[in-house]
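Asker: Quick one: the structure is below, and I'll ask about it shortly.
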Amino acid sequence: MPKIIGSSLAEHRARVREKLFGALGELMEERGFEAVTLAQIAARAKVGRTSVYNHFADKEDLLLAFIEYETGHFVSNLRHALKDVEDPEEQLRVYVREQLMLQHGYQFTPGTDLRSVVSSDTVARLREHVFEVAALLKSILSAGIDVGIIPEQDLDATVRLIHSCLQGWSLPPAGVQREREINTVTVFVLRAVGMNAQAA
């Protein structure tokens, strides 16, 4: 019988899933989703190959769970970071920083676009997670329009343009250069939506 990780079956299940998510994230960064196999994911996670099927039906099922996990953490962290921030400009600065600080995930994978290598049902479910994050950004922009620091505009288009700017941006290691890049991108985004933003 496989060794139980943690103090209960529920904890064991959660820990194994986290190990699989970590392995998938690393392998996707290295070679892209299409080139990764479940056997490689299991080996990287140091779990039995057959145990993967106790958690996920196939690779796409694992991908969706991974994205849900990553998105959930991002949204939770973002909400926490925004908790005491009332000014829409500062909220947008926080949002841009949080997006840029994401170190791995489906949006940073090399190689083929995920939409071309997964099923149409999976593409539809991927969009659901994108919409969840986009709704947060849209609410920040709406607040900026309400207080008059952002001009009226097509928010759906603006959200897509901002995410296109942020998607896949690779930051340097922690230090002065990283902060400089975050500041440069942040000011660009703020000015793009019509704010009279200055460099920090």
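FYI, it's all coordinate maths here, none of it is from the lab. Treat the numbers as computed from the prediction; the structure is a model and nothing was measured. Don't worry about glycine lacking a Cβ; one is built from the backbone with ideal geometry, like all the others, and counts go over all protein chains shown.
Asker: Can you tell me, using C-alpha contacts under 8 Å and at least 6 residues apart, the relative contact order of the range 59-192 as a whole percent?
Answerer: 35
Asker: Which net charge results when you count Lys and Arg as +1 and Asp and Glu as -1 among the other residues whose beta-carbon is under 14 Å from that of residue 61?
Answerer: Around residue 61, the charge tally is -1.
Asker: Hey, how much of the P(r) for the range 44-96 falls beyond 16 Å, as a percent of Cα pairs?
Answerer: Result for the distance tail: 58 percent.
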